[in-house]
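Down below is the structure, laid out as C-alpha cells.
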Amino acid sequence: MADFARLVETESRGLLAAVTAIVGDAHRAEEIVQDAFERAYRRWRRVSRLDRPGAWVRRVAINEAISQTRRRTSERKATVRLEALAGVDPTPVDPLQALEDEAVWAAVRALPREQAVVIALRYGADLGIDEIAETVGSTAPAVKSLLHRARAALRESAALEPYA
C-alpha cells in the first residue's frame, strides 16, 4: 500500500486544482478527488499494474467533474425555466466560488468543455502535453490545438484584461 500512498501524495494537489477549476467549487472538487482515489484503492490490484496509475485516477476524476458540471448546468437551466414560468426572479448562477482568481476560472469554465479541461489540467494540475493527452484520451497535437484555441479565446475575455 506504500505505492498507493505515494500516488495520493504525488497526484492529489494538482488533481484537486484541476477539478476545482472545472467544477468551480473546492468542496465538491475535494469530494470528486477523494472518490477517484477511493475507486483506485478498491481496484488497486488492477490499477497498480497499469503503466501510469496516476493517469487512471486523473481520468476518473476529470470524467466525474465533467459529469457533475453537465448535470449542474442542466439543473440550473431547468430551474431558470421553472422560475420564469412562475414569474420569480432567477436565483444567482454560482453562489459560492472558492478559487482565488474566480473571474479567470469562470472564463475557463465558459469555454467549450474540451478546452476547459485541457486548460484546467495544464494550469490547475500542472501537467505536460503528453500527460494531458493520456488523461483525456487524445493525441498530443490535438491537445496543443485545444490549448491554442482556449488561450486565444481567453485572451479575448474581459476577465483577463487585468492581466494584459
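The values are calculated or read from the model by the stated rules, or taken from the named source; none is laboratory data. Keep in mind the model is a prediction, meaning the values are calculated, not measured. Glycine gets a Cβ as well: all are built from the backbone with ideal geometry, and neighbour counts include every protein chain shown.
Give segment 152-162 a look and list any residue that's in a helix (DSSP H, G or I) and either at pLDDT 90 or above or not basic (Lys, Arg) (or both), or say none. Matches in segment 152-162: Ala152, Ala153, Leu154, Ala158, Ala159, Leu160, Glu161, Pro162.
Among the residues of segment 12-35, how many are closer than 16 Å to Asp126 by Cα and surrounded by fewer than 22 Cβ atoms within 10 Å (Cβ to Cβ)? The qualifying residues number 5. Does Ala2 meet the test of being at pLDDT below 90, out of contact with any helix residue (DSSP H, G or I) (no Cβ under 8 Å at 6 or more places or on another chain) and of a type in the set (A, V, I, L, M)? It is true that Ala2 is at pLDDT below 90, out of contact with any helix residue (DSSP H, G or I) (no Cβ under 8 Å at 6 or more places or on another chain) and of a type in the set (A, V, I, L, M).
Tell me the residue from Glu30, Glu64, Glu38, Glu11 that is out of contact with any helix residue (DSSP H, G or I) (no Cβ under 9 Å at 6 or more places or on another chain), modelled with pLDDT of 90 or more and not β-branched (Val, Ile, Thr), please. Among Glu30, Glu64, Glu38, Glu11, only Glu38 is out of contact with any helix residue (DSSP H, G or I) (no Cβ under 9 Å at 6 or more places or on another chain), modelled with pLDDT of 90 or more and not β-branched (Val, Ile, Thr).
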